[in-house]
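J.: Mind looking over this structure? Questions follow.
The values are calculated or read from the model by the stated rules, or taken from the named source; none is laboratory data. For clarity, every value in this text was computed on a predicted model and none was experimentally measured. Neighbour counts are summed over all protein chains in view; Cβ atoms, including those assigned to glycine, are modelled from backbone coordinates with ideal geometry. Only protein heavy atoms, including side chains, enter the accessible area calculation; ligands, DNA and RNA are left aside. Shrake-Rupley method; radii C 1.70, N 1.55, O 1.52, S 1.80 Å.
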Amino acid sequence: MKSENKMEILLVTPPGLEEALRLEAMEKGFKKPVSITGGVQVLGDWKEVWRANLELRGASRVLVRIGSFRVVHLSQVDKRMRQFPWGDYLLKDHPVKVEVTSKKSRVYHQKAAAERIERALVEEMGITISAEADICLKIRIFDDICTISIDTSGEGLHKRGHKEAVNKAPLRETMAALILRQCGFNGKEPVVDPMCGSGTFVIEAAEIAARKKPGRTRAFAFEKLATFENAVWQEMRAENREHLPDLHFYGFDRDEGAIKFSTANAKRSKVDMLTTFDAQPISTLSCPDGPAGLVVINPPYGIRIGDQKKLRPLYQSLGQVLTQKFPGWRVGLVTNNAGLAQATALPFLPDPVSISHGGIQVKLYQTAALPAPQD
C-alpha cells in the first residue's frame, strides 16, 4: 500500500451533528478531526478510509480527496482531467458515475463539465460511465478551484446490511447513533424508546453497548478501487472486540406491525438477546427494572398546518407518563415544533440542537435526570 498519510478524508454527516461525529472520530483514534459544515475532516491513509467505513456509526459517507487544481474554462477542465493519474485509483472493469457541482466559478455549466470529465475517463482509461455505478466521483468547482473526491462508501452508511424491515418515516441509523451520542449515551446504560417504529434507536444502542462494528456485514465501493488490498481488509474485518453487556434495551409502539419489524431487525443484527419490543400505547408505558438510563423518542411531528393541534394530546400524554414513571432518567426528544416539545411540560435544557433531517429542520430537546414526582 502506498504511504499517503496526509490524505484528506471527509466524513459526511447531516448539518447540526458535526461535533458529535468529530467526538466519535476522535474516540476511534482518527487523526486531527476538524468539524466543517456538513462533516468532519480527518487525515489518514487508505487503511483509515476502510476503517472509517467499517467502524464509524455517525458518518453518512466517507469521501477521499484525491486532487485539486485551478480551472477557469471548460477546455482546461478537459486537459487537466486527461492528465490526471486515474489509474492510481480506478480500475477499467468497474463503472464510474460523475457528479459535478459548481459555485462562484467561471466554469459554471455543471452538465458541460461533467460531459468533459466523463469523456476523458472513457477515452484515456476505457472506463464505463454508468448512473448505476457503485463508484462515484464527486467533482466540486468552487471559486475556480476544482476538487476531485471519491465516494468510498457506495450505498449510504446508514444501510448497515442487516435491516430489511422498515416502518414508515424511518430514522436513519447514522443519525440515530449521533443523537444517542449527543444525549450522552456511551453504551453503559439502558435505553427506552416509547415510539420505536422499526427499532432504530434501540438496535443502535444495543450494538454500541455490544461494541459491534456497524459495517460488519456489508460491501463498500472502495473494494472496487485500485488502492484496495483484500488481505488487509479481511484482517481488519476479522478483528473482534464485541462483548455481551449486562444491559437491556426496550422498544414500544402501539403499531403491532412496527414491533414485528423491530423484532426481525434486532434478530438480523444479532442483538435480539439484548432487546425487548412490545406493542403498547404511551398510556401504559412503565419504567423497566434496573438502573436509570435514557428515554429517546422520535415521535410524529407536524409538517402541515393543523397537525400540531392533532398531535398535542400525544405529546402531553408522553410528558405526563415520563414525569410520573421515569424519575432519574434523561430524555431526548426529536421534533420540528417547539410548541409540541413544550406540550410535554418536560424540563428541557436550553439551546436544543438543530439538525437537518431529510430536508426538514428538526431539534433535539434534552433533559437532565428527571426529578422524582411531587406528591
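J.: Which of the residues belonging to the stretch 329-375 are small (Gly, Ala, Ser) and either farther than 21 Å from residue 250 by Cα or surrounded by 17 or more Cβ atoms within 10 Å (Cβ to Cβ) (or both)?
T.: 332, 338, 339, 341, 343, 345, 354, 356, 358, 359, 372
J.: Residue 210 passes all but one of (1) open to solvent by 50 Å² or more (accessible area, probe 1.4 Å); (2) within 22 Å of the chain's Cα centre (by Cα); (3) more than 23 Å from residue 360 (Cβ to Cβ); which number fails?
T.: (1)
J.: Can you tell me which of (1) open to solvent by 50 Å² or more (accessible area, probe 1.4 Å); (2) touching a helix residue (DSSP H, G or I) at 6+ places or on another chain (Cβ under 8 Å); (3) of a type outside the set (S, T, N, Q); (4) in a strand (DSSP E or B) is the one residue 47 doesn't meet?
T.: So residue 47 meets the others, but not (4).
J.: Among the residues of the stretch 265-285, which ones are within 18 Å of residue 163 (Cα to Cα) and open to solvent by 40 Å² or more (accessible area, probe 1.4 Å)?
T.: 267, 268, 270, 272, 273, 276
J.: Now for a separate question. What residue, among those in the stretch 286-305 that are closer than 17 Å to residue 205 by Cβ and crowded, with 18+ Cβ neighbours inside 10 Å, is farthest from the chain's Cα centre (by Cα)?
T.: 287
J.: Which residues, counting only those in the stretch 213-224, are open to solvent by less than 10 Å² (accessible area, probe 1.4 Å) and either of a type in the set (Ser, Thr, Tyr) or within 23 Å of residue 276 (Cα to Cα) (or both)?
T.: Once the filter is applied, which keeps residues that are open to solvent by less than 10 Å² (accessible area, probe 1.4 Å) and either of a type in the set (Ser, Thr, Tyr) or within 23 Å of residue 276 (Cα to Cα) (or both), the stretch 213-224 yields only 214.
J.: Hey, can you tell me all the residues within the stretch 55-88 that are acidic (Asp, Glu) and open to solvent by 50 Å² or more (accessible area, probe 1.4 Å)?
T.: 88
J.: So which residues in the stretch 225-256 are open to solvent by less than 10 Å² (accessible area, probe 1.4 Å) and in contact with a strand residue (DSSP E or B) (Cβ under 8 Å, 6 or more places away or on another chain), if there are any at all?
T.: Within the stretch 225-256, 225, 249, 251 meet the criteria.
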